[in-house]
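Quick note: the coordinates plus some simple rules give every number you see, no bench work behind them. Note that the structure is predicted; figures quoted are calculated from it, not measured. As a convention, Cβ positions derive from the backbone with ideal geometry for all residues, glycine included, and neighbour counts pool all protein chains shown.
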Amino acid sequence: MSKITTVITLLWLISFVSPVWADISLSGDIDSDFLEASCVADTGGQDVGVPPGVSGSGFDIDKVCFFYDGEIDALYIGITTINDVIFGDANGDGDPNSPLIGDIIDSVDLGTGESFVISVDLDGDSRTDEFDASTVDVLIGVSNSGSLANLGVYDVAVSYDPTNNPSLGFGPTQLADVTLFANPSTNARDLEFIIHDFKALNVEGIDSIINEVEMQIFAGSTVDSGIGDDFLPNITTTLTHPIFDLDKDGLEDWQETSTDIDDEDTDDDGLEDGVEVKGDNPTDPNNPDSDNDSCLDGEEDLNQNGAYEPFDGESDPNQFDSDGDEINDCLELTGANPTNPSASDTDGDGLLDGEEDANQNGAFEPTLGETDPNKADTDGGGVNDKDEIDNGFDPNDPSDDSIASGQINVTTFNQVQGGGCSLNVDSSSFPVSRISFFTFIFGLGILLLMRRYRVIS
């Protein structure tokens, strides 16, 4: 092989190297370029009529695939046909630009008479109205009078009719820049292209594009005898497709670099991937138990909203022991004697839950000397658990509470007041005679009157 031939061959190969954008590249084969889940398929299959002797038509749609890359605001689209016929190859002879064969014409590069259209309702108003020129917002593709050189995103003319060659409804205004991977050929059998600045489309009346758009897809030729039109899903209905977020989990497909693009809850923990990644209290969308406390993240985040809300009885799915009481959250939530995982002292008796549940196993076991972390006074005798324990009484024996009550008050009096007077002292310990009290007041009054009399005199 000569050097010139080698250079030409290399240049030819380079011409088919796909542009790489973020997490997707184009090669002319949508099966290798797009996730199957991101495609809409023609479940009816081979429904375009072809004349005798023709193996298949390049206008018989098999599936159309989408991928949106939010980093560069680009929508990737690929279209392939039944039986792997080159897209636009009307007679299926392997050359989409072949000359006239009988009554079949392969116009050059989807030239005059050959077209495809993806009609899209960007804001969903066709769901409550007709899918027509008033609700369809853009037409993506090649019009009946254009060719691949005119591939683009266009406004919709009043002549648009979704049931009668919709390619006749292309308006005059090109709304976005489009990059075509390559003209369909044996080296790039599928049609693949990129719409740039897709979310920034300037469409009158559209502030933002919804995720689940309504669309209808058409491909056909009006210059070939016996070659019919193909509508996806069919000539009278539309299909709904999540164009940005396939699994509708709150993460756009391009953001799901480690999670499953087709599974809203990759780790099956009860929290959607988008909630785990974007919530106020982010958790690991690939680990069902982010803090390894044996409870699923969705069991700790009770309302599954991605926020830690302790006042609603939730525990923190990122903390093994949210309240620091020495009992792990899952045991507090699901143990034999559940306690509040976000309150270190559930019963407010002054003892941490983990002090009362001494072996921290989530069960109340009085035979082991434990007190109930859900009851401030475990034995119901009238003195709270901490006071009994601190003063040597049995918090599981109500019979000693009456003795404990008086003694604990004295002990508290001595410890806190150092032997002085205290409002905490039982009045029965120091009885005060009402007569003595009134005698004291009467005497004080007499002294004041005598003092006043002396001053006046």
Rounded to two decimals, what ratio of Rg to Rh does segment 19-242 give with C-alpha atoms and a Kirkwood Rh? 0.94
Hey, can you rank 178-184, 135-141 by average C-beta count inside 10 Å, highest first? 135-141, 178-184
For all pairs of alpha-carbon atoms in segment 246-358, what percent lies in each bin of width 5 Å, listed from the first bin to the last filled one? 2, 14, 23, 20, 14, 10, 8, 5, 3, 1, 0
Once you have the alpha carbon radius of gyration of segment 122-272, what is it after dividing by 2.2 N^0.38 Å, with N set to its residue count? 1.17
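Roughly speaking, what is the stretch gain from residue 336 to residue 196, that is 0.36 nm per residue apart minus the C-alpha to C-alpha distance, in nm to one decimal?
On the way: separation 140, 0.36 × 140 = 50.40 nm, distance 5.85 nm.
The residue 336-residue 196 span can extend by a further 44.6 nm.
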With θ taken as phi - 60° and the coefficients 6.51, -1.76 and 1.60, list the Karplus ³J(HN,Hα) couplings across segment 369-374 in order, rounded to whole Hz; mark glycine and proline as x. x, 7, 9, 8, x, 9
Relative contact order for segment 19-242, counting Cα pairs under 8 Å that sit 6 or more residues apart, in percent: 23
